[in-house]
Amino acid sequence: MIRETLKSSTFLNENMKSLIIPIEKVAHVQQNNSLEHALLVLVKSGYTAIPVLDRDSKLNGVISKALILDSILGLERIELDRLHTFKVSDVMNSKLATLKMSGTFSKALALSINNPFICMTDDDGAFKGILTRSSLLVYLNQELFQKK
Ligand code: 2BA
């Protein structure tokens, strides 16, 4: 009964435009940047993982502190010199969660189970911003418990 009521709620089918962090405010790197640059952006921004874009702002993948550290691990030590020799494209993960701007809350919620953020694109695949797991939870909490 509760499940049926929830499933018929209109908010599940609403699009998420108002929750998106726009591209200008998203920390990101380009695929031809050095790993050193990417690590600096990650450390300075405080994020664990950020999107990788190409020159035309198209999405290429995700780079994270863990991927960078893994790529410079030698057998017995961390080989910091490798930070200059590798590019972001050498170690990034090209699998990433994407959703069109017109995508619904329920699709976003399902994607957020395994992804801390979802990359939002327009109909041509151009990157427009990110939708974070926390913004989805804030929205859900408002719809379920705070709206009268
Ligand atoms: P994480 O970096 O692992 O961050 C996990 C959560 O920690 C964030 O959840 C946020 O609640 C908090 N947090 C981390 N760094 C923060 C900071 N500098 N300022 C404020 N809060 C911070 P979410 O907000 O749901 O973000 C989920 C993931 O989305 C983040 O995971 C990060 O990978 C990415 N992200 C969020 N905002 C971003 C932005 N402006 N640019 C690039 N990536 C972003």
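Cβ-Cβ distances below 9 Å connect the following pairs, each with a first residue in the stretch 1-30 that is within 30 Å of Asp54 (Cα to Cα) and free of Cβ contacts under 8 Å to residues at least 24 places away in the same chain, a second residue that is of a type in the set (S, T, N, Q) and not in a loop (DSSP other than H, G, I, E, B), and a separation of six or more residues or different chains: Ala27/Ser45. Screening the candidates Leu131, Leu59, Leu144, Leu80 for the property of being assigned to a strand (DSSP E or B) and more than 12 Å from the ligand (Cβ to nearest atom) yields one hit, Leu59. Hey, could you check the stretch 110-136 for residues that are at pLDDT 95 or above and among the aliphatic types (A, V, I, L, M) and say which is surrounded by the most Cβ atoms within 10 Å (Cβ to Cβ)? In this case the residue turns out to be Met120. Quick check on the stretch 60-98: of everything there that is in contact (Cβ under 8 Å) with a residue 40 or more places away in the chain and touching a Leu at 6+ places or on another chain (Cβ under 6 Å), which residue is surrounded by the fewest Cβ atoms within 10 Å (Cβ to Cβ)? Checked the stretch 60-98; the qualifying residue surrounded by the fewest Cβ atoms within 10 Å (Cβ to Cβ) is Phe86.
Screening Val43, Val52 for residues that are within 12 Å of the ligand (Cβ to nearest atom), buried (at least 17 other Cβ atoms within 10 Å of the Cβ) and either free of Cβ contacts under 8 Å to residues at least 60 places away in the same chain or part of a strand (DSSP E or B) (or both) leaves exactly one candidate, Val52.
Say we look at the stretch 100-128 and pick out the residues that are in a strand (DSSP E or B) and within 14 Å of the ligand (Cβ to nearest atom); which of these is farthest from Leu59 (Cα to Cα)? So, considering only residues that are in a strand (DSSP E or B) and within 14 Å of the ligand (Cβ to nearest atom), the one farthest from Leu59 (Cα to Cα) is Phe117.
The values are calculated or read from the model by the stated rules, or taken from the named source; none is laboratory data. This is a predicted model, so every value here is computed, not measured. Virtual Cβ from ideal backbone geometry, glycine too; neighbours counted across all protein chains shown.
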